[in-house]
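In what follows, a structure is listed as structure tokens, so that the remarks can point back to it.
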Amino acid sequence: MTQEICPTAINTPVYLRRHEAARYVRERYGVPCSTQWLAKLVTVGGGPLYRKAGKYPIYTVEDLDTWILSRVTDPLASSSHVALT
């Protein structure tokens, strides 16, 4: 018996719950990230894009990647090279 793949399922994003999103950021990028921090960023802003499934926030890997890469600076030779923005 062969399994058929639904053509629309190929482009369907995989959603991560908040604890999975935090673990993904920690493991993939080595950046400290907790579920509490992601929850705070939902309130104050500055976090990754998210969606809601009922009462649960869910994140895509693409949105997490975009968000964390936007927070990482170019290489620095010293702290005096940090641009103030």
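What follows is calculated from the coordinates using simple rules that are stated; it is not laboratory data. None of these values were measured; they are calculated from a predicted model. No Cβ is skipped: glycine too gets one built from the backbone with ideal geometry, and neighbour counts run over all protein chains shown.
Inter-label distance, Ser34 to Lys55: 2.3 nm, where each label sits 7 Å from its Cα along the C-beta direction.
Each Lys or Arg adds one and each Asp or Glu takes one away; over the other residues whose Cβ falls under 14 Å from the Cβ of Cys33, this sums to +3.
A full extension of the chain between Glu27 and Asp74 corresponds to an added length of 14.9 nm, given 0.36 nm per residue minus the alpha carbon distance. When all alpha-carbon pairs of the range 15-78 are counted, what percent fall beyond 19 Å? Here the long-distance tail beyond 19 Å is 26 percent of all Cα pairs in the range 15-78.
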